[in-house]
Amino acid sequence: MSWRETLGVTPSAETPYTHNSQNTQNPTEQANCADIADSAHRDAEQESSKLLEALADACKGLAITPAEVKLALAAEDIDDWRKGAISADTLAAFARLLVQRREMDQGKRPEHYTEQATCKHCGPIWLWFSGDVLGCPWCWNRAADKPIPRPCSIHCGDCNHFERINHPHLGHCAKGEPEAIAGLWDTDRRYCERFLPRPQQTHNDQPRPARAETKR
Ligand code: SF4
Ligand SMILES: [Zn+2]
């Protein structure tokens, strides 16, 4: 049964294409083209539903839907999956990472981030190992102006958002964080998810989101 019969479209019901008088394609050729397009469309639909099935397995027990994971896959990823280069385990790991990233975007610390580290651009952070790093997963929060949960308190005086006034110790928070009537005392310790260290400018010092890289 052809796609026309399936859809109940008979040849007599079709309006001939008259806009372009140069269109010399005969009805048989048109039908062939339509069949090919329809077949390609059905193949793509089948493939999409297969991918969603695979993603449904990957999303089991996670607070994310297969459609959301599919949306996050790049065209190259889908191509690789089609070629069998992405395993079910990899899809599951990708889904878990997406959930983790989503939680981190909301300022939530992943369970396995149990160590205190210091990112050059973000300041004190939670990570899965301790030490100093040049870039970290929280850099994405910093770049998007989202909160970063802190493993310790900090001094406002060390923060890039601290705007010093004409006083040896007082200033205000450019981020609008709560402060006393007189303002913030630079050496007071406080917990702050908006803290960002003052950049130490060097000729090749470009703050950017990056993977965790350990300082040498
Ligand atoms: S962002 Fe936080 S640490 Fe920075 S000045 Fe404001 S209150 Fe202080
Ligand atoms: Zn960072």
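The values are calculated or read from the model by the stated rules, or taken from the named source; none is laboratory data. Note that the coordinates shown come from a computational prediction; the quantities given were computed from them, not determined experimentally. Backbone-built Cβ (ideal geometry, glycine too); neighbour counts: all protein chains shown. For accessibility, only protein heavy atoms count, side chains too; no ligands or nucleic acids. Shrake-Rupley method; radii C 1.70, N 1.55, O 1.52, S 1.80 Å.
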Which whole-number percent is the relative contact order of the stretch 54-113 (Cα, under 8 Å, 6+ apart)?
39
If amide H atoms are built 1.01 Å from N in the plane of the peptide, which residues on other chains or at least 5 residues away come under 5 Å of the amide H of His161?
Leu196
Solvent-accessible ranking of Leu98, Leu134, largest area first, probe 1.4 Å:
Leu134, Leu98
Row for the stretch 33-76, column shape: gyration tensor on C-alpha, a ≥ b ≥ c, rounded if a/c < 1.5 i.e. under 1.5, prolate if a/b over b/c, else oblate; value prolate
Could you list the trypsin sites (Lys or Arg not before Pro) in the stretch 72-173 that lie in coil according to DSSP, counting only those with at most 14 other Cβ atoms within 10 Å of their Cβ?
Lys83, Lys108
With a ≥ b ≥ c taken as the square roots of the eigenvalues of the C-alpha gyration tensor of the stretch 28-105, please select rounded if a/c is under 1.5 and otherwise prolate if a/b is larger than b/c or oblate if it is not?
prolate
Which of Lys60/Lys146; Lys120/Lys175; Lys60/Lys175; Lys50/Lys108 exceed 30 Å between C-alpha atoms? The answer is Lys60/Lys175; Lys50/Lys108
What is the stretch 75-148's relative contact order, in percent, from Cα pairs under 8 angstrom and six or more apart in sequence?
22
Please compute the contact order of the stretch 56-206 in relative form: average sequence separation of alpha-carbon pairs under 8 Å and at least six residues apart, divided by the residue count, as a percent.
17
Can you list residues whose amide H is under 5 Å from Thr118's amide H, if they're 5+ apart or on another chain and H is modeled 1.01 Å from N?
Ile125, Gly131, Asp132, Val133
